[in-house]
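In what follows, a single structure is set out as structure tokens and then discussed.
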Amino acid sequence: MLKTNCLHPELLYFLARSGHGDRILISDGNYPAETKTNPNCTKIYLNLAPGLLTAIDVIKVLNNTIPIELACVMLPDEDVHIPIYSEFYEIINQDLEKKSRFEFYNECKSEDVKLTIVTGEQRTYANLLLTIGVVN
């Protein structure tokens with residue numbers, strides 16, 4: 001029996017094969033996952049319906065399953081407050097690296113992005129690129 005609250009078989013399989021420096025994209029329901037990710041990365045679709053499952057649901061589980069070294073978000077083109085960034089910060093308890101939209105897209109296309117988890121998150125800019133750290 002597993003002690004983690006993560007029970008998704010494909011996700012557990014991927015996480016067990018991942019190491020320090022591998023990256024995971026948690027995308028909102030609006031993110032173009034087919035064209036703006038590493039074409040060789042695994043994609044897990046958890047977007048059952050709008051709002052199910054959310055990016056927050058997924059990051060809570062991942063935060064209790066893997067060490068997170070770095071977290072990066074996409075900045076909107078205009079200077080506006082994005083409330084979900086505060087929620088991300090509260091969960092992972094570390095500052096968020098911020099990249100412009102096209103810088104973020106380029107980061108997500110890199111070879112070290114091994115997994116994209118597509119959520120049903122409806123809020124815009126609710127994309128989070130995680131770098132797996134080492135266990136302390």
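The values are calculated or read from the model by the stated rules, or taken from the named source; none is laboratory data. These figures come from a predicted structure and were not determined experimentally. Cβ placement follows ideal geometry from the backbone for every residue including glycine, while neighbour counts extend to all protein chains displayed. Please note that ligands, DNA and RNA were not included when accessible areas were found on the heavy atoms of the full protein model with its side chains. Shrake-Rupley method; radii C 1.70, N 1.55, O 1.52, S 1.80 Å.
A few remarks follow.
- Prolate/oblate/rounded call for the stretch 54-96, Cα gyration tensor, a/c under 1.5 rounded: prolate
- Probe 1.4 Å - accessible area at Ser86, Å² to nearest ten: 50
- Rg and Dmax [Cα atoms of the stretch 41-119; Å; Rg one decimal, Dmax integer]: 13.1, 34
- In a simple Cβ point-charge model (Lys, Arg +1; Asp, Glu -1; nothing else charged), the chain has a dipole of about 420 debye relative to its Cα centre.
- When +1 charges are put on Lys and Arg Cβ atoms and -1 charges on Asp and Glu Cβ atoms, the dipole computed for the stretch 1-59 relative to its Cα centre reaches about 160 debye.
- With DNA, RNA and ligands ignored, accessible area of Thr124 (1.4 Å probe; Å², nearest 10): 80
- Value of D in µm² per second that Stokes-Einstein yields for the chain, Kirkwood Rh from Cα pairs, at 25 °C (0.890 mPa s): 165
- Each of Pro83, Ser110, Val135 was placed along the dipole of the chain (beta-carbon charges, centred on the mean Cα), and the one lying farthest toward the positive end is Val135.
- Average Cα contact separation per residue, the chain, under 8 Å, 6 or more apart, as relative contact order %: 49
- A 1.4 Å probe run over the protein chains yields, for the chain, 55 Å² of accessible area per residue, whole-number rounding.
- Rounded percent of accessible protein surface that carbon and sulfur make up, the chain, 1.4 Å probe: 52
- Taking Cβ atoms as reference points and 13 Å as the exclusive limit, the residues near Arg17 contribute a net charge of -1, counting Lys and Arg as +1 and Asp and Glu as -1.
- Given +1 at the Cβ of Lys and Arg, -1 at the Cβ of Asp and Glu and no other charges, the dipole of the stretch 79-136 around its Cα centre is 160 debye to the nearest 20.
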